[in-house]
Amino acid sequence: FEPTSGALLRTLSVPADLTMWVAFDASGTRLIAGDGVGNVTIWDASSWRRIVSAPTGLGVLLGGGIDAETGRVWVLADALYSLDIGQPPLLERALKVDLDHVAVALPAGKGSLLTADQTGVSIVDASSGTVLLREGGGSATALAVGPDDTTIVVGREDGRVQLLDANTLASRIELGALGSRIDAVAVRSGEEPLVAAATDRIVTIWSTGDRSAEVRFDHDFGQSIGIRAGIAFTPDGSTLAANFNGGMAAIDLNSLDLHFAPPAPGFGGMIVADPLGRGFYLAAVGAFPALVDADLAVTTSMPDTSAGVGAGAISPDGAYAVTGALDGTIALLDVESRSQYGSFIQTPFGGVSSLAFVPDSLTMMTAHSAEDGSSTIAFWNLDPDFLVERACEISGRDLTDAEWDTYLPGYEHTPICPVGG
């Protein structure tokens, strides 16, 4: 509130309905709040950007604050606890990058990343976040690694689809101009590589081995309402799945026959094929994430933040399905048990615009674009050993039953943290 007039300036939200207390740190630069189910949330007091929101596993929090010397959070529950929750669980590092509304970030090997933003495609150093090379070919809205490691496929705001040289970012081929923003691109590798691109209504497929043998498949998936489309090839390369506002479709790439899911209001957006070929997809169904089978029927609804799905991915080992929401929240699903893995990760970086795993690892990359256009690329570690280390670091002691359920669901509760932290 404005102190003189009492006018409402801003409303901040916490994970639970009941806020028990709020406090500023000694410098007045951070605001902290505790709620009735044990969550602590911290905001930057100049921008009101949420820095972190994390569960403590301590139940009702009666009071708390931030220690001016150590930066650790202290909370009063059944006793007085000192906690290190300066960053979200599982976060390894976050890079502020000089990009304008980053749309996509992908691992590129040799310690670098590929990114797409409103200026074009860039190569970014994965350790420092320094932009090493800018292509500047116009607003890039979709990105994929090409059929081999020497090319990149880029889709642009103006509807162009191009192949770029992966090392120099020079244009090699313009596959076509589709007339409206490219929402997604996908690549099928192998003896007969294909490139697919989707606008908000149409999917087009090209053969890259012989450009004259272009195959175009257009289908009107309903009137656009601004939802970005998604496409994905199955691992065996036989099917291209598409997710649009009008519904989901599976395209048989041998016959070009179309299997169209029954229309459902609000269908649209992200779709990811299971990398192990087990016959399911991770998809946005309306505003909510779900697992759908090969016939495009919903089999499992994933944890929902009600903020809309911005991106999704399945880990290379097929163990985790992960979604990122437009409010910056990340949710994890254990694929085998079809249950939520831990609690929501509340990120402070802005909405999740893309999500990808580093090949052959459990390191996950998320790209975030804040309201002011600033861009962040964050790295998250889903390896169980890292989960144990991080949970002990946050709690400062061994884990309670509630914390085991949060950080290590499905594992037997045994003492693992060193005495005293």
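The values are calculated or read from the model by the stated rules, or taken from the named source; none is laboratory data. Every value quoted in this text rests on a predicted model; they were computed, and no experiment measured them. Neighbour counts are summed over all protein chains in view; Cβ atoms, including those assigned to glycine, are modelled from backbone coordinates with ideal geometry.
Among the numbered criteria (1) modelled with pLDDT under 95; (2) closer than 18 Å to residue 123 by Cα; (3) not basic (Lys, Arg), which one does residue 155 miss?
That leaves (1) as the condition not met.
Here is a check on your reading of the model: is residue 169 at pLDDT 95 or above, touching a Leu at 6+ places or on another chain (Cβ under 9 Å) and crowded, with 16+ Cβ neighbours inside 10 Å? Break it down stepwise before answering.
Numbers: at pLDDT 95 or above: yes; touching a Leu at 6+ places or on another chain (Cβ under 9 Å): yes; crowded, with 16+ Cβ neighbours inside 10 Å: yes.
The answer is yes for residue 169.
Touching a Pro at 6+ places or on another chain (Cβ under 9 Å), part of a strand (DSSP E or B), surrounded by fewer than 20 Cβ atoms within 10 Å (Cβ to Cβ) and of a type outside the set (Ser, Thr, Tyr): does that describe residue 107? First the steps, then the outcome.
Numbers: touching a Pro at 6+ places or on another chain (Cβ under 9 Å): yes; part of a strand (DSSP E or B): yes; surrounded by fewer than 20 Cβ atoms within 10 Å (Cβ to Cβ): yes; of a type outside the set (Ser, Thr, Tyr): yes.
Yes.
What pairs come out if I take residues in segment 354-375 that are within 15 Å of residue 312 (Cα to Cα) and pair them with residues that are at pLDDT below 95 and of a type in the set (D, E, K, R) whose C-beta lies under 6 Å away, six or more apart or interchain?
Close Cβ pairs satisfying both conditions: 362/383.
The conditions are (1) touching a helix residue (DSSP H, G or I) at 6+ places or on another chain (Cβ under 7 Å); (2) at pLDDT below 70, and residue 207 fails exactly one of them. Which is it?
The number of the failed condition is (2).
Looking at (1) farther than 27 Å from residue 244 by Cα; (2) without any contact (Cβ under 8 Å) to a residue 40 or more places away in the chain, which is the only condition residue 124 fails?
(2)
Suppose we keep only residues that are crowded, with 20+ Cβ neighbours inside 10 Å and not in a loop (DSSP other than H, G, I, E, B) within segment 52-82. Which one would you say is modelled with the highest pLDDT?
Applying the first criterion (crowded, with 20+ Cβ neighbours inside 10 Å) to segment 52-82 yields 52-58, 61, 64, 66, 73, 75.
Restricting the remaining residues to those that are not in a loop (DSSP other than H, G, I, E, B) gives 52-55, 64, 66, 73, 75.
Values: 52: 71, 53: 70, 54: 70, 55: 67, 64: 91, 66: 85, 73: 86, 75: 88.
This residue is 64.
Residues of segment 127-167 being among the aliphatic types (A, V, I, L, M) and either touching a residue at least 40 places away in the same chain (Cβ under 8 Å) or over 24 Å from residue 378 (Cβ atoms) (or both), which ones?
The first filter runs over segment 127-167 and keeps only residues among the aliphatic types (A, V, I, L, M), leaving 131-133, 140, 142-145, 152-154, 161, 163-164, 166.
Those that are among the aliphatic types (A, V, I, L, M) and either touching a residue at least 40 places away in the same chain (Cβ under 8 Å) or over 24 Å from residue 378 (Cβ atoms) (or both): 142, 143, 144, 145, 153, 161, 163, 164, 166.
Restricted to segment 138-149, and to residues that are out of contact with any Ser or Thr (no Cβ under 7 Å at 6 or more places or on another chain) and farther than 20 Å from residue 228 by Cβ, which residue is surrounded by the most Cβ atoms within 10 Å (Cβ to Cβ)?
Within segment 138-149, the match that is surrounded by the most Cβ atoms within 10 Å (Cβ to Cβ) is 146.
In segment 291-322, what residues are in a strand (DSSP E or B) and either among the aromatic types (Phe, Trp, Tyr) or modelled with pLDDT under 85 (or both)? Let's see the steps before the verdict.
Residues of segment 291-322 that are in a strand (DSSP E or B), as a first pass: 291-293, 298-301, 309-314, 320-322.
Answer for segment 291-322, where residues must be in a strand (DSSP E or B) and either among the aromatic types (Phe, Trp, Tyr) or modelled with pLDDT under 85 (or both): 301, 309, 310, 320.
Can you name the number of the only condition in (1) at pLDDT 80 or above; (2) within 23 Å of residue 369 (Cα to Cα); (3) surrounded by fewer than 14 Cβ atoms within 10 Å (Cβ to Cβ) that residue 48 fails?
For residue 48, the exception is condition (1).
Answer yes or no as to whether residue 202 is closer than 23 Å to residue 97 by Cβ and either buried (at least 18 other Cβ atoms within 10 Å of the Cβ) or among the hydroxyl-bearing types (Ser, Thr, Tyr) (or both). Working first, answer last.
Numbers: closer than 23 Å to residue 97 by Cβ: no; either buried (at least 18 other Cβ atoms within 10 Å of the Cβ) or among the hydroxyl-bearing types (Ser, Thr, Tyr) (or both): yes.
No.
Residue-wise test of (1) touching a strand residue (DSSP E or B) at 6+ places or on another chain (Cβ under 6 Å); (2) crowded, with 19+ Cβ neighbours inside 10 Å; (3) at pLDDT below 75; (4) charged (D, E, K, R).
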site	(1), (2), (3), (4)
324	yes, yes, no, no
348	yes, yes, yes, no
359	no, no, no, no
370	no, no, no, no
373	no, no, no, no
380	yes, yes, no, no
391	no, yes, yes, no
404	no, yes, yes, no
412	no, no, yes, yes
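Is it the case, given these coordinates, that residue 97 is in contact (Cβ under 8 Å) with a residue 40 or more places away in the chain, within 30 Å of residue 33 (Cα to Cα) and crowded, with 18+ Cβ neighbours inside 10 Å? Walk me through how you get there before you give the answer.
Values: in contact (Cβ under 8 Å) with a residue 40 or more places away in the chain: yes; within 30 Å of residue 33 (Cα to Cα): yes; crowded, with 18+ Cβ neighbours inside 10 Å: yes.
So residue 97 passes the test.
Could you tell me which residue of segment 326-346 is modelled with the lowest pLDDT, considering only residues that are part of a strand (DSSP E or B) and either farther than 17 Å from residue 94 by Cα or not β-branched (Val, Ile, Thr) (or both)? Steps first, please.
Our first condition is that a residue be part of a strand (DSSP E or B); within segment 326-346, this holds for 329-334, 339-340, 345-346.
Now narrow it down to the ones that are either farther than 17 Å from residue 94 by Cα or not β-branched (Val, Ile, Thr) (or both): 331-334, 339-340, 346.
Values: 331: 87, 332: 87, 333: 88, 334: 87, 339: 81, 340: 79, 346: 73.
The qualifying residue modelled with the lowest pLDDT is 346.
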